[in-house]
Amino acid sequence: MSASAATLGGAFAFPGTSLTVNRLGYGAMQLAGPGVFGPPKDPATARAVLREAVAAGVNHIDTSDYYGPHVTNLILREALHPYPPGLVIVTKLGARRPADGSWVPAISAEELTAGVHDNLRHLGLDALDVVNYRVMGSGHGPEEGSIAEPFGVLVDLQRRGLIRHLGISNATAAQVAEARTLAGIVCVQNSYNVANRGDDALIDELARAGIAYVPFFPLGGFTPLQSATLSSVANRLGSTPMQVALAWLLHRSPNVLLIPGTSSLAHLRENLAAAQLELSPETLAELDGIAAEAAPVEH
């Protein structure tokens with residue numbers, strides 16, 4: 001294992017591919033302006049964050065052409081192109097951003113095909129390493145419903161050589177199962193953290209298949225009680241709540257890959273240092289109990 005892999009949570013090989021990444025990666029969403037819309041206030045710092053991440057060994061970057069829109073992909077290209085060998089850029093499709101900054105589903109064959117070409121053009125690539133189909137529901141969380149038609153469009157684009165590998169995001173377990181009948185998928189990207197563990201069974205199932213699980217919102221949806229427990233653990237360990245949350249995720253399962261995002265160099269360094277945080281069995285047990293702290297009391 002290389003030094004960078006050892007210091008970034010170890011290495012993970014995407015199934016059925018030649019792609020191997022360090023488990024602690026980087027999410028580019030926050031490089032866009034407020035609300036993930038428009039340009040950043042400080043483009044020079046945005047480029048510096050990307051360059052420092054890669055210099056530290058990050059070789060898995062998550063992005064999308066609908067961040068901005070186009071903003072994060074253009075910054076990625078400005079900062080890193082020509083891309084270093086081994087860098088895996090994962091993008092996603094399924095939404096668009098009109099002028100009012102809203103998030104609108106974009107799942108027709110024409111929209112998905114145009115989205116692939118937009119990502120290729122803005123990133124300066126001939127083929128996309130991994131594309132996640134982002135399931136867009138009426139709310140923020142996953143909603144049931146067949147994804148066969150739009151996912152099939154991406155399968156066709158993969159056959160044409162524009163996409164190398166496929167994944168799915170914001171999906172239910174049934175949608176993941178459906179996607180796996182249509183193509184080999186290499187990753188699932190869903191909301192999950194130490195307090196919100198609805199995907200526990202899915203993570204374990206994917207681990208058995210060697211498929212990556214990429215959680216987003218590592219500190220999302222905590223109750224005050226849950227946050228207080230996390231802060232208490234962080235204070236005891238001399239770390240930040242975010243570092244503890246990331247370290248717990250790395251301990252959760254070897255197929256978990258992290259993509260914490262930030263537009264700050266200081267926060268980037270803090271996030272990357274989370275892989276070095278050691279959690280004792282007692283601390284892990286305490287953290288595992290956080291999810292129960294918001295559970296309703298049965299009468």
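For this structure, a couple of remarks:
- Theoretical FRET efficiency, 1/(1+(r/R0)^6), r = Cβ-Cβ of Ala109 and Arg236, R0 41 Å, to 0.05: 0.15
- Over the chain, dividing the summed -39,500 (n - 2.57) contributions of all DSSP H runs of at least 4 residues by the number of residues returns a 222 nm mean residue ellipticity of -12000 deg cm²/dmol.
- Entry note, the stretch 1-129: relative contact order of 21 percent, from Cα contacts under 8 Å with a spacing of 6+ residues.
- Coupling constants for the stretch 88-101 follow from the phi torsions by the Karplus curve (6.51 cos²θ - 1.76 cosθ + 1.60, θ = phi - 60°), and in residue order they are 10, 9, 10, 10, 9, 10, x, 9, 9, 10, x, 4, 7, x Hz; glycine and proline get x.
- On Cα atoms only, tilt of 241-252 relative to the major axis of the chain in degrees: 80
- Ile163 long-range amide H proximity, modeled H, under 5 Å: Leu128, Gln158
- Relative to the current alpha-carbon distance between Ala48 and Glu143, full extension at 0.36 nm per residue lengthens the span by 30.5 nm.
- Counted charge near Asp65, where neighbours are those whose Cβ lies closer than 12 Å (Asp, Glu -1; Lys, Arg +1): +4
- Local charge for Leu246 was computed over the other residues whose Cβ lies under 11 Å away, with Lys and Arg +1 and Asp and Glu -1, and equals +1.
- Prolate/oblate/rounded call for the stretch 7-156, Cα gyration tensor, a/c under 1.5 rounded: oblate
- Computed packing ranks the peptides 269-280, 50-61 as 50-61, 269-280, most packed first, by mean other Cβ atoms within 10 Å.
- Using the Cβ-Cβ distance between Asp204 and Asp156 with R0 set to 41 Å, the FRET efficiency works out to roughly 0.85.
- For the stretch 14-25, putting each phi into the Karplus relation 6.51 cos²θ - 1.76 cosθ + 1.60 with θ = phi - 60° gives couplings of 4, x, x, 10, 9, 8, 10, 10, 6, 5, 9, x Hz, in residue order, rounded to whole numbers and with x for Gly and Pro.
- Environment charge of Ser169, counting only residues whose C-beta is closer than 11 Å and scoring Lys/Arg +1, Asp/Glu -1: +1
- Value of relative contact order over the chain, rounded to a whole percent, pairs C-alpha under 8 Å and six or more apart: 18
- Per-peptide packing, taken as the mean over residues of other Cβ atoms within 10 Å, places 234-240, 224-230 in the sequence 224-230, 234-240 from highest down.
- A simple spin-label model places the labels of Arg121 and Leu182 2.5 nm from each other, with each point 7 Å out along Cα-to-Cβ.
- When you count the other C-beta atoms within 10 angstrom of each residue and take the mean per peptide, 284-293, 15-24 line up highest first as 15-24, 284-293.
- Whole-Hz ³J(HN,Hα) from phi, Karplus 6.51 cos²θ - 1.76 cosθ + 1.60, for the stretch 111-119, glycine and proline x: 5, 5, 5, 4, x, 4, 5, 4, 4
- Whole-angstrom gap from the stretch 15-66 to the stretch 141-175, using each part's C-alpha centre: 22
The numbers here are math on the coordinates, done by the rules we state, and not lab data. All figures in this text were calculated on a predicted structure; none of them were measured in a lab. Quick reminder, even Gly has a Cβ in these numbers, built from the backbone with ideal geometry, and neighbours come from all protein chains shown.
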